[in-house]
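Okay, so here's the structure we're looking at.
The values are calculated or read from the model by the stated rules, or taken from the named source; none is laboratory data. Everything quoted here is computed from the prediction, not taken from an experiment. Cβ: placed from backbone, ideal geometry, glycine included. Neighbour counts: every protein chain shown. Keep in mind that these areas ignore ligands, DNA and RNA; they rest on the heavy atoms of the full protein, side chains included. Shrake-Rupley method; radii C 1.70, N 1.55, O 1.52, S 1.80 Å.
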Amino acid sequence: MTQNNSTEDSGLQESFLSHLFELRDRIIKSVLAIIAVFVCLVYWAPDIFHLFSQPLLNALPSGGKMIVTDVTGSFFVPMKVTMLVAFLIALPVVMYQLWAFIAPGLYQHERKLIVPLVVSSYSLFIFGMAFAYFLVFPTVFEFMASYNAPLGAEMSTDIDKYLGFAMNTFLAFGLTFEVPVVVVVLVRMGMVPLEKLREIRPYVIVGAFVISAIVTPPDVLSQLLLAVPMCLLYELGLLIARFYVPKPSDDEAGTTNSDTQATV
């Protein structure tokens, strides 16, 4: 009995270490993919930052400029922006490595969702950032500039502060556009019934406005630009989730696979 327990403990330890090594390898591959893209883009870092800051530059009054208050800011800020772009380009590789690590623990009918989830998650995240860049940034910056003009103050923004604001906004809108994916996953995995998600719609609307008030600048316009799309995307998720409601056959297949794995 003692020898059997020792053998089981050794097997569990080896299994844990093998999973740990696999996770390490996949993290290394993801990091190498990001670094490879960054090296290819680093030569154009100033041009990338200029494109990145264009919404603010367009909103500045005539003669307005962005400023640098940190000695190393003019070097590191464009590098950070370029790294962000490199991460976005390499994100499909990162997401594939993540799903490839998780996939062995999923059932067959769950694995079929991997490719659609990766593609839809990546696409929606990019759409969310594009929505912020092309619509939210120009609207918010022009709105702020109109309030700044009567004060007679010169409107100049430090590039590092602009980077922080832009990255927070990109992250907020990128995650917001993932709402349909989250709704579909909750329904498809049987975590929350579709009817329940429909019932909590009023709470989701209130929550959307609370979240937008926390993560956006303190003006009503930017809060609406985040809260309204969040509510609409939730409704879109409910519409799409109707086609992914688990069928009894899926549940039986999952139970059969679970019994098989337990027997093995």
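The slack between Val245 and Leu51, meaning 0.36 nm per residue of separation minus the straight C-alpha distance, is 65.6 nm. Using the Karplus relation 6.51 cos²θ - 1.76 cosθ + 1.60 with θ = phi - 60°, the per-residue 3J(HN,Hα) values for the range 95-101 come to 5, 5, 4, 5, 5, 5, 6 Hz, with x marking Gly and Pro. Oblate is the label for the range 36-77. Its Cα gyration tensor axes, ordered a ≥ b ≥ c, give a/c of at least 1.5 and b/c at or above a/b.
For Tyr244, the accessible surface of its heavy atoms amounts to roughly 80 Å² (probe 1.4 Å, protein chains only, rounded to the nearest 10). Straight Cα distances below 22 angstrom link Lys161 to the lysines Lys65, Lys80, with same-chain residues fewer than 8 positions distant left out. Between the alpha-carbon centres of the range 176-204 and the range 29-90 there is a gap of 36 Å.
Rounded to 0.05, the FRET efficiency of the Arg201 and Thr139 pair, given R0 = 22 Å and the Cβ-Cβ distance, is 0.25. Evaluating 6.51 cos²θ - 1.76 cosθ + 1.60 at θ = phi - 60° for every residue in the range 47-61, the Karplus couplings come out as 5, 5, 5, 4, 5, 5, 8, 4, x, 6, 4, 5, 8, 5, x Hz, glycine and proline recorded as x.
Scoring 165-176, 134-145, 20-31, 94-105 by mean Cβ neighbours within 10 Å over their residues and listing the highest first yields 165-176, 134-145, 94-105, 20-31.
Per-residue accessible area (protein heavy atoms, 1.4 Å probe) orders Ser53, Ser156 as Ser156, Ser53, starting from the largest. Applying a DSSP loop filter and a limit of 15 other Cβ atoms within 10 Å to the trypsin sites (Lys or Arg not before Pro) in the range 66-126 leaves Lys112. Annotation: amide H-H contacts under 5 Å for Thr157 (H modelled 1.01 Å from N, sequence separation of 5 or more, or interchain): Ile67. If you take the square roots of the eigenvalues of the alpha-carbon gyration tensor of the range 162-207 and sort them as a ≥ b ≥ c, do you get rounded (a/c under 1.5), prolate (a/b over b/c) or oblate? Oblate. Any lysines with Cα under 20 Å of the Lys196 Cα? List them, leaving off those in the same chain fewer than 8 positions away. Filter leaves Lys247.
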